[in-house]
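The values are calculated or read from the model by the stated rules, or taken from the named source; none is laboratory data. Nothing here was measured: the structure is a model prediction, and the numbers come from that model. Because the Cβ atoms are built from the backbone with ideal geometry, glycine has one as well, and the counts that use them run over all protein chains shown. Heavy atoms of the whole protein, side chains included, go into the accessibility calculation; ligands, DNA and RNA do not. Shrake-Rupley method; radii C 1.70, N 1.55, O 1.52, S 1.80 Å.
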Amino acid sequence: MAYVFNFPDVGEGIHEGRVVEWLVAEGATVAEDQALVKVETDKAVVELPSPRAGVVLKLHVAADTVIHVGDALVTIGASGERAAEAAAAAPVGERVAAPRQVAAAAAPTAPSRRPLATPRTRALARKLGVDLAAVQGSGAGGRVTDEDVERAARGGPASVPAAAPAAPVAAAPVLRRTPTAEGEVERLPISHLRKVIAGAMRKSKQTAAHVTHVDEADVTELVEHYRRTKPVIEAQAGVKFSLLPFFIKAVVAALKQHPVFNASVDEDAQEILLKRFYNIGIAVDTPEGLIVPVVKSADAKDMVTLAAEVADLAERARTRRLTLDELKGGTCTITNIGPLGGVFATPIINQPELAIVGLHKISDRPAVVDGAIAIRKMMYLSVSFDHRYIDGAAGARFMTDLVALVSNPGLLMARL
């Protein structure tokens, strides 16, 4: 009997997606769990597997079509059935096929691959003499983990998986030139991801009562400590080390002192959910728009691990190779605007979180130190929060503690 497979609810509040590419054609025979279609959501690009074996009788939507949860995608039936009759008699699919993360819009043309691994894992592989290309990755999206490398070094199973797909290449937008009364304009199509971002920003601004508190920090000692430790860490761990892990640790320490900034709201129960775990979202600027991967359990990771994980997540965010799990579960977000310049900004809250911390440019400025004017490394820090649930005084206290932590590396190290 024919079966209509509908776009399933993949969770995390995802209600719609865009069909990127069909991986099967009408008349094709498919196996259960075989990838049918690639769908772009606001979180990632996922493959939807077939809920059953059979013949593809009808593809209900074309590529580049926006679909919503419950929309019919494909009818699968037995060989010889006619699509129209089968679709009319087919039951609506009740089984939700789990989406699979994908890395590309096309299959690779060669079997060679660059293994997916963090810089720290690559350094470990070099140290232990392990060929990463020969290791089966057990991490998210097939990533090779430290444990995989250590197992391979001990002579454990390290079979090479099927060729990993290449990173997706976003198609260049097609510009249309049209005349207006004032002159010629170029029309740039708004991408699906940009539409989703726009919707999320509008919802956040319309529902949350945004307030931004800004303070200034003297990070001279932190920068000096960073410059001393950077070459040592990079030489020993093989990771590119930045100041961001220090700020992640400082934010986590401040969140522990002020848990309402690490919270969300259960509107139905009318309760504030104070999270006792610290999953820090890191806003990443990508060619297609802002994406926020999440560093899980940031409080339990050392700064070298944080540096490697943030670099890995950022790289895969820019090539849309993150898994859904890596994009959900955040408790508070950090946006590092400083490298792009400017004095300070007022970031928009990444709902359902209640706060977002902004890191701004570090620059040499005169400051009063022990009664004398000196040139110091100064920066602005901001926290935007939902004033419906967090008072301004709480914002000031949170920022005071955060400034104290980043201004005093000794105090910060004592909190780690």
Return the long-range amide H neighbours of Leu273 (sequence gap of 5 or more, or a different chain), with a cut-off of under 5 Å between placed amide H atoms.
-> Ser264, Val265, Asp266
On the protein heavy atoms, probe 1.4 angstrom, tell me the percent of accessible surface of the range 179-260 carried by carbon and sulfur.
-> 53
Which FRET efficiency, nearest 0.05, do Tyr389 and Thr29 yield, Cβ-Cβ r, R0 45 Å?
-> 0.25
Specify whether the C-alpha gyration tensor of the range 11-57 places it in the rounded, prolate or oblate class, a ≥ b ≥ c being the square roots of the eigenvalues: rounded for a/c under 1.5, otherwise prolate if a/b is larger than b/c and oblate if not.
-> prolate
Starting from the range 257-350, pick out the trypsin sites (Lys or Arg not before Pro) whose DSSP state is loop and whose Cβ has at most 13 other Cβ atoms within 10 Å.
-> Arg276
Over 16 Å, how big is the tail of the calculated P(r) for the range 218-277, in percent of all Cα pairs?
-> 60
Send over the semi-axes of the range 238-322's equivalent ellipsoid, whole angstrom and largest first, taken as the square roots of 5 times the C-alpha gyration tensor eigenvalues.
-> 25, 18, 9
In whole Hz, what ³J(HN,Hα) sequence does the range 395-400 give by Karplus (6.51, -1.76, 1.60; θ = phi - 60°), x for Gly and Pro?
-> x, 5, 5, 4, 5, 4
Principal semi-axes in Å for the range 178-222 [√(5λ), Cα gyration tensor, largest first] | 37, 20, 13
With a/c under 1.5 counting as rounded, go ahead and sort the range 274-373 into rounded, prolate or oblate using the C-alpha gyration tensor (a ≥ b ≥ c being the square roots of the eigenvalues; past the cut-off, prolate if a/b is larger than b/c, else oblate).
-> prolate
What residues qualify as long-range amide H neighbours of Leu73, i.e. H under 5 Å apart, gap of 5 or more or another chain, H built at 1.01 Å from N?
-> Phe5, Asn6, Phe7
Per-residue HN-Hα couplings for the range 329-344, Karplus 6.51 cos²θ - 1.76 cosθ + 1.60 at θ = phi - 60°, whole Hz, x for Gly and Pro?
-> x, x, 10, 7, 10, 10, 10, 9, 8, x, x, 8, x, x, 8, 7
